[in-house]
Amino acid sequence: MTTVDTTADRPAPKKAKISQFRRLLWHVNRTDLGWVLKAALTSLQLPARAKRIALLKQLPTKPEWAEASRKLEADGYVDVSSIVDRGLAEAVASFADGKVNRLQELVGRQREGHKSFWVSLLDEDLVNGAFATDHPFVRYALQPAALRIIGDFMHDLPQLSDVVLTLSQPTPNQALSFSQLWHLDHDDKRVCKLFIYLTDVQDTADGPFTFIPAGPSKAFRNSLKSHMSDAQVFAKTGPDAVKEMIAPRLSSFIVNTARCLHMGSRIQSDHSRLLYTATYIQQPRIFPEPPARFRAVGALSDLDRTVMRL
Ligand SMILES: O=C(O)CCC(=O)C(=O)O
């Protein structure tokens, strides 16, 4: 009996085509070829870029913000605890405390698919996957100091891509996985994360955010490897390049996580860590734009709308 392949000359299903396209972007984004693609995409949207730069220039400026931006450019990270708005950080912390007080209830409702050492506590704050723009987590991310420091580094008004609250807990007898291993973030070519520690991170047992500054991290540029063990990393840099962010509650720092190799959440028994993260990228995005992450509530400036693509 002979069989006929009736699918042979049909066009590939749309889904398969999309995933091949994504795979190609995935590879390009991880190498310096991504910069060429980024420049090409930018050149197609020059008026939008000019508008973003004009908005960035409307933001106030201060010498300590300019200095922080220079440090972010040179080293790939900067501690902004003394620069950012303490009141906004406290609002984030008290909102987060409210979630932790309802931990058992929220864990029970958590959607599947979260990493085992991370508990995501904000699922209930989303409407169709989007945060209200007056949410304290969004207000912190929109503060002028953060936008100016990251914007001056990117030479562009940043796009706020996401805000997250993560409670990291110990995972006894499990191999390290995902963000507990060394990696770079490849959401785009420039990715800056603004963190707030919402619990004290006093030593290694508290699972500090741990990273290698931009200079020594260069050894891992253009690598297609995703997540690496300590041994793989230290074979190239030695352990001395490593910095652990040991800092008290309400400390805030910005890291260019596309340039600085990093890991964290290696929590030891009886410890836990609560962390706020806001992620920014530079428009236009290399990957197709995901569904809207923010929904307008209340009055918004043109600048806020542009930062959140509303
Ligand atoms: O949990 C940590 O400290 C690591 C976080 C991380 O890898 C990230 O936000 O990209």
Computed log₁₀ I(q)/I(0) - Debye formula, equal Cα scatterers, no solvent, segment 234-295, q 0.13, 0.21, 0.22, 0.30 Å⁻¹: -0.60, -1.13, -1.17, -1.49
Estimated 222 nm signal from helices in the chain, with DSSP H stretches of n ≥ 4 weighted -39500 (n - 2.57), rounded to 500: -10500 deg cm²/dmol
The chain - percent of accessible surface contributed by carbon and sulfur, probe 1.4 Å: 55
Lys, Arg +1 and Asp, Glu -1 on Cβ, resulting dipole of the chain about Cα centre, debye, nearest 20: 1160
Estimated translational D of segment 14-308 in µm²/s (Stokes, Kirkwood radius over Cα pairs; 20 °C; 1.002 mPa s): 108
Whole-Hz couplings from phi, Karplus 6.51/-1.76/1.60, listed for segment 253-258; x for Gly and Pro: 8, 10, 10, 7, 7, 7
Among 155-168, 220-233, 86-99, 65-78, the order from most to least packed when residues are scored by Cβ within 10 Å on average: 155-168, 65-78, 86-99, 220-233
Range of Cα positions in segment 28-149 per principal axis (Å), largest first: 48, 37, 28
Net charge of neighbours whose Cβ lies under 13 Å from the Cβ of residue 218, counting Lys and Arg as +1 and Asp and Glu as -1: +1
In nm, spacing of pseudo-spin labels at residue 123 and residue 90 (7 Å Cα→C-beta vector): 3.3
Share of alpha-carbon pairs per 5 Å distance bin for segment 15-85, given as whole %: 3, 12, 12, 13, 17, 17, 13, 7, 4, 1, 0
Exceeding the 28 Å Cα-Cα cut-off - candidates 71/236; 71/189; 51/193; 57/189; 57/218: 57/218
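The values are calculated or read from the model by the stated rules, or taken from the named source; none is laboratory data. Treat the numbers as computed from the prediction; the structure is a model and nothing was measured. Counting neighbours? That spans all protein chains shown, and the Cβs are built from the backbone with ideal geometry, glycine included. These area figures cover heavy atoms from the full protein model, side chains too; ligands, DNA and RNA do not enter into them. Shrake-Rupley method; radii C 1.70, N 1.55, O 1.52, S 1.80 Å.
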